[in-house]
Amino acid sequence: MKDNKFTIAPDGVDPNKVPKRKLYTGAEIPAVGLGTFGSDRFSGEDIAEAVKGAISVGYRHIDCASVYGNEHLIGDVLQEVMDVQALSGKNCGLALNCGMICMGKATSFYQ
């Protein structure tokens with residue numbers, strides 16, 4: 001993975017302006033998200049770098065699944081983002097599939 005430090009892109013979208021959908025629990029989730037599957041064409045490092053770039057430009061909904069085999073790399077990126085920008089489960093969420101409980105070092109859920 002590249003060694004560039006995480007920063008918010010100056011030309012990104014304000015995450016607060018992204019339409020949201022209400023879940024049955026009452027929690028809201030951004031209507032636009034980034035899926036992390038791509039292992040058929042891209043390395044796990046490439047996908048993790050794409051997640052970092054997506055969060056940089058305003059994405060706050062990351063769709064993950066343990067079956068993709070890249071959760072440890074994405075978890076490292078999410079930890080870096082949360083450390084640098086103080087993002088949390090309240091403003092950056094994961095859609096977790098296949099019963100996955102934790103992603104590497106970072107865990108975040110819509111509450």
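Using mean Cβ contacts within 10 Å as the protection proxy, how do 17-27, 54-64 order, highest first?
The packing order, highest mean first, is 54-64, 17-27.
Taking the beta-carbon count within 10 Å as an exposure proxy, list Glu71, Glu80 from fewest neighbours to most. Write down the numbers at each step before the final one.
Values: Glu71 23, Glu80 18.
By the 10 Å Cβ count, ascending, the order reads Glu80, Glu71.
Indicate the gyration tensor shape class of the stretch 1-69 (rounded, prolate or oblate), computed on the Cα atoms with a ≥ b ≥ c the square roots of the eigenvalues: a/c under 1.5 is rounded; otherwise a/b larger than b/c is prolate and the rest oblate. If you can, show how the numbers build up before the last one.
Values: a/c = 2.84, a/b = 1.26, b/c = 2.25.
Verdict is oblate for the stretch 1-69.
Where a number appears in this text, it was derived from the coordinates with a stated rule and is not lab data. What you are looking at is a predicted structure, and each value in this text was computed from that prediction instead of being measured. Positions of Cβ are generated from backbone atoms using ideal geometry, with glycine treated the same way; all protein chains shown enter the neighbour counts.
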